[in-house]
Amino acid sequence: MSDSRAPPDIELLPILPLRNSVVFPASVVPINVGRLRSVRLVEDLAGQERAIVGIVSQRDAEVDEPRFQDLYDVGTVARVVKVLRLGPSNYSVVLHGLARFQIAHQSVLEPYMRARVRRIGEDLERDAELDALGASLREGMRLLLSLMPNLPRETAGILDNVRESGALADLIASNLTAEQASVADKQKILSTFDPKARVRAVLGIVNRQLELLRVKKEVSSMMADEGKAQREQILRQQMRTIKEELGEGSDEDEVEELRGRLRAAGLPDEVQKVARKQLGRMGAMQPQSAEYNVTRTYLEWISDLPWSKTTSDKLDVEETRRCLDEDHYGLEKIKKRVIEYVAVRKLAGNKKAPILCFIGPPGVGKTSLGRSIARSMDRRYHRIALGGVRDEAEIRGHRRTYVGALPGRILQAIKKVGVRNPVIVLDEVDKMGIDVLGDPAAALLEVLDPEQNSTFQDHYLDLPFDLSQVTFLCTANNPDTIPPALMDRMEVIDCPGYTRAEKLHIATEFLCPKQLSAHGLTDERLEFRREGLDRIIDSYTREAGVRGLEREIGALCRHVAMRIAEGETTLRLVAEASVVETLLGPPRFLPDLAERTSAPGVATGLAWTPTGGDILFIEATRMPGKGEVMVTGNLKSIMSESAITAVSFVRSRAKELGLDPEFLKLTDLHLHVPKGGTPKDGPSAGVTMFSAVASLLLRCPLRRGVAMTGEITLRGSVLPVGGIKEKLLAAHRAGIREVLMPARNEPDLQEVPSDIRSDVKVHLITRVDQVLALVLEPPVHAGPPLPPPAGDSHPPAL
């Protein structure tokens, strides 16, 4: 067969890219144009007579502004028949395809795409084979039209009027819907220059559609006027028939696939026995039954759990220490415990993981420590938020008898990480609740018991799963709300608040660079000075952690970003103390200690709270009355009893203090603790309440900058209290430089940072009689000096 195509000529054409369609020669198609380059092209061609344009389809329809590499190499030369303006930058263009072309050289992209192209002439030679292929294509298309009346009506006219087989294949392909032939299929036909190969390709698509319609007709013939259950069964049979015709497998394949997944999961013998039994039951069930889907989901969970898959631990002690120091400043006790575990693993090879509980105020880095520990040990990480959880099934899962049952969060976390030795953080274990649905804290007893969690049984799975290699890290703010049995299973590590020096270091090394990066700034735009950070720490935050400090630093960054966005491109700000006060407003925390303690009857105490240490003021006053003692300030029973004890001790020592033993006969005393919106309890305010009452009755104010803590007895002994480190940190933050505390708490001072111990003078007391000599100022009104207490070597200093 001779080739009648003309020698190719190179010509320069504007290129119009199409997203989801292909234009064929001899076809007339309307297209909508809205992209910027395409709009420029259409507006440029709108005034020309018989304008010619090259139409090329995109390889990826998602590309909004395609380049030449995003287009196919073969397209269609088309004449612009009509241009309709639909709106601003929106046109409808009617195109008439003329011939194929191939891009020979990419020219320019702007203002619209242009390229040098080579037209591909059509081979018009005919022979018997081509005519036979064309006849087969006509017959197949007529049959398809009879079965699919929704095809375009002009398709029937094409079959009768077009004689050339190659052109017939082009026009049939252009009329196929996207479901029948994709853009890639149509582009493949367009790129086929040989008419025989092109007719065969289109004939293959038509025959595939006829086969699908035949199968659908055979399946549809099975359906009759049946009840709802029979209709559903027939529909499922139809789906199976279609899958079998398309070679997509059957239910037996699904069972075999599950069998292979279970075989590759490395199941223990006990689990393998149960899985084999359930797999046999599943094979005998009807796929449409509810029990079939329940069993399949159950077996999928068994196959997806990492029964034997683990990751290798990084047992380099120095590397572990480096990773921990990179992510967190301070927190030496926690780092020491993690490094000890790595060292033991390295020496003894014991794979049992520790169960640690970090207790401390918010914002000190308890939760983020989990991710850091996982990174230092090269383990995978997952966090489970337990705040507000009230259902035991959240931990142990639901039994399979319930609709929609699933395993608990523990096994869901194990499945998600894909190994059996991850680091799992149980966040806020102190905030779980108890409901009629059960106690989730009780369900955690087995999870967090190193002697039991190797055979943990989830209600859904009902099979033992080994959790002994999981490193569980719990976080909490308040240990009082954690059940004692659960607390006993964990190794508790206190995470106290940061000192002022530690906050300054964290802000300089971590928070400032983090916030600058988050706001798209550099230290050339905003430079933080030490005095500015000091002002933020002292006057705008009063917290144990650093969350508030980070928010205030972020506020400064937002101000700079706003000014730059408004046009101050040369702005450079130095965050000094005066600038901080200008941008953040008036200081929120003022040093009111001196004003509040300058009058008799006001004492400064120290308290422990779930959010860290805090200072509290005890105010006492008296008025004529009948000897009543009133206590206010939202105090719970233990703290109210401490107030009564303090008053009783003052009455018992009235003679030694130079007071009338009957002073309370015609006087009422009122003790008040401000911040009445906050509940307060505990025995550690006994010494403070005694000092407030004695100061009031002796008319002697207490020394400024002195705070105290300690429980008292009616015999005058000072008993130890808890939270010494947090209380001293709070005293230091408030500017207090002298603290009275029980002598039996002296060992607790070892946990207090050395810079705090050097700044705060600590007086260790064993008896209440020692207190007044350390805290009282001279009386406001002159009076007779107080006699020394009998049998006491520490008289009150007036």
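The values are calculated or read from the model by the stated rules, or taken from the named source; none is laboratory data. A quick note: this is a predicted structure, and the numbers were derived from the prediction, not measured. Positions of Cβ are generated from backbone atoms using ideal geometry, with glycine treated the same way; all protein chains shown enter the neighbour counts. Each accessible area value is taken on the protein alone, full model and side chains, heavy atoms only, with ligands, DNA and RNA left out. Shrake-Rupley method; radii C 1.70, N 1.55, O 1.52, S 1.80 Å.
At a 1.4 Å probe, what is the % contribution of carbon and sulfur to the accessible area of segment 8-84? Please report the intermediate quantities before stating the final value.
Values: 1730 of 3750 Å².
Answer for segment 8-84 is 46 percent, counting heavy atoms of protein chains only.
FRET efficiency for the residue 755 to residue 385 pair, using the beta carbon distance and R₀ = 30 Å, is estimated at 0.30. For residue 638, neighbours were defined as the other residues whose beta-carbon sits under 11 Å from its Cβ, and their charges (Lys and Arg +1, Asp and Glu -1) total -1. A Förster distance of 22 Å, applied to the separation of the beta-carbon atoms of residue 218 and residue 286, puts the FRET efficiency at 0.50. In this simple spin-label model, placing a label point 7 Å from the Cα along the Cα-to-Cβ direction at both residue 348 and residue 480 gives a separation of 3.7 nm.
Taking each residue as 0.36 nm, the span from residue 326 to residue 628 lengthens on full extension beyond its C-alpha to C-alpha distance by 102.8 nm. In the chain, taking the dipole from charged Cβ atoms about the Cα centre, the farthest positive-side position among 666, 289, 518 is held by 666. With contacts taken as Cα pairs under 8 Å at a separation of at least 6 residues, the chain carries a relative contact order of 7 percent.
By average Cβ neighbour count within 10 Å, what is the ranking of 72-84, 680-692, 392-404 from highest down?
Details: 72-84: 18.8, 680-692: 25.3, 392-404: 17.2.
Per-residue Cβ counts within 10 Å, averaged per peptide and sorted highest first, yield 680-692, 72-84, 392-404.
For the chain, the solvent-accessible area of protein heavy atoms averages 49 Å² per residue (probe radius 1.4 Å; ligands and nucleic acids excluded). With K and R counted +1 and D and E -1, the other residues having a Cβ less than 12 Å from that of residue 457 yield a net charge of -3. Taking 4.7 Å between beta carbons as the limit, the unpaired Cys residues of the chain are 323, 495, 512, 557, 700.
Each principal axis of segment 275-418 carries a Cα extent, and these read 61, 36, 21 Å when sorted largest first.
Hey, how much of the P(r) for segment 387-511 falls beyond 22 Å, as a percent of Cα pairs? Numbers along the way, then the final one.
Numbers: 3310 of 7750 pairs.
The answer is 43 percent, as a whole percent.
Given a 1.4 Å probe and the protein chains as shown, residue 551 ends up with an accessible area of around 150 Å². Packing, as the average of other Cβ atoms within 10 Å across residues, places the peptides 98-109, 425-436 in the order 425-436, 98-109, highest first. Between the alpha-carbon centres of segment 455-475 and segment 67-87 there is a gap of 62 Å.
Given the pairs 335/416; 335/366; 680/761; 431/503, which span a C-alpha to C-alpha distance of over 18 angstrom in this model? Mind showing how you got there, number by number?
Values: 335/416 27 Å; 335/366 12 Å; 680/761 27 Å; 431/503 27 Å.
Those over the limit are 335/416; 680/761; 431/503.
Structural size metrics of segment 450-561, computed from C-alpha coordinates, are Rg and Dmax of 21.5, 61 Å.
Of 528, 24, which has the most accessible area with a 1.4 Å probe, and how do the rest follow in descending order? The partial results should precede the final answer.
Working: 528 40, 24 0 Å².
Result of the area sort, largest leading: 528, 24.
Per the Cauchy relation, a quarter of the hull surface: what is the mean projected area of the convex hull of the alpha carbons in segment 1-147, in nm²? Let's see the in-between values first.
Details: hull surface 44.6 nm².
Averaged projected hull area, Cα only: 11.1 nm².
Suppose a student asked you for the relative contact order of segment 576-705, using Cα pairs under 8 Å spaced at least 6 residues apart; what percent would you report? Please list the in-between numbers first.
Values: 219 pairs, mean separation 50.6, N = 130.
Worked out over segment 576-705, it gives 39 percent.
Just the protein heavy atoms count here, and of the accessible area of segment 619-734 at 1.4 Å, carbon and sulfur take up 51 percent.
Screening the chain for whole DSSP H helices with an alpha carbon extent of at least 24 angstrom along the helix axis and a mean Kyte-Doolittle hydropathy of at least -0.5 yields 128-147, 195-220, 547-565.
Going by a ≥ b ≥ c, the root eigenvalues of the Cα gyration tensor, does segment 541-691 fall in the rounded group (a/c under 1.5), the prolate group (a/b larger than b/c) or the oblate group? Can you show the working numbers first?
Numbers: a/c = 4.04, a/b = 3.06, b/c = 1.32.
Since a/c reaches 1.5 and a/b is larger than b/c, the shape of segment 541-691 is classed as prolate.
For segment 75-207, how big is Rg over Rh, using alpha carbon atoms and the Kirkwood form of Rh? If you can, show how the numbers build up before the last one.
Details: Rg = 16.9 Å, Rh = 16.6 Å.
Reported Rg/Rh, Kirkwood definition of Rh: 1.02.
For the peptides 725-732, 709-716, 670-677, residues were scored by their other Cβ atoms within 10 Å and the scores averaged per peptide; the highest-first order is 725-732, 709-716, 670-677.
Computed over neighbours whose Cβ is under 14 Å from that of residue 269, the net charge equals +2, Lys and Arg +1, Asp and Glu -1. Relative to the current alpha-carbon distance between residue 678 and residue 50, full extension at 0.36 nm per residue lengthens the span by 217.6 nm. Tell me, what is the FRET efficiency for residue 264 and residue 127 to the nearest 0.05, using R0 = 45 angstrom and their Cβ-Cβ distance as r? Once the sixth-power term is evaluated, E becomes 0.20.
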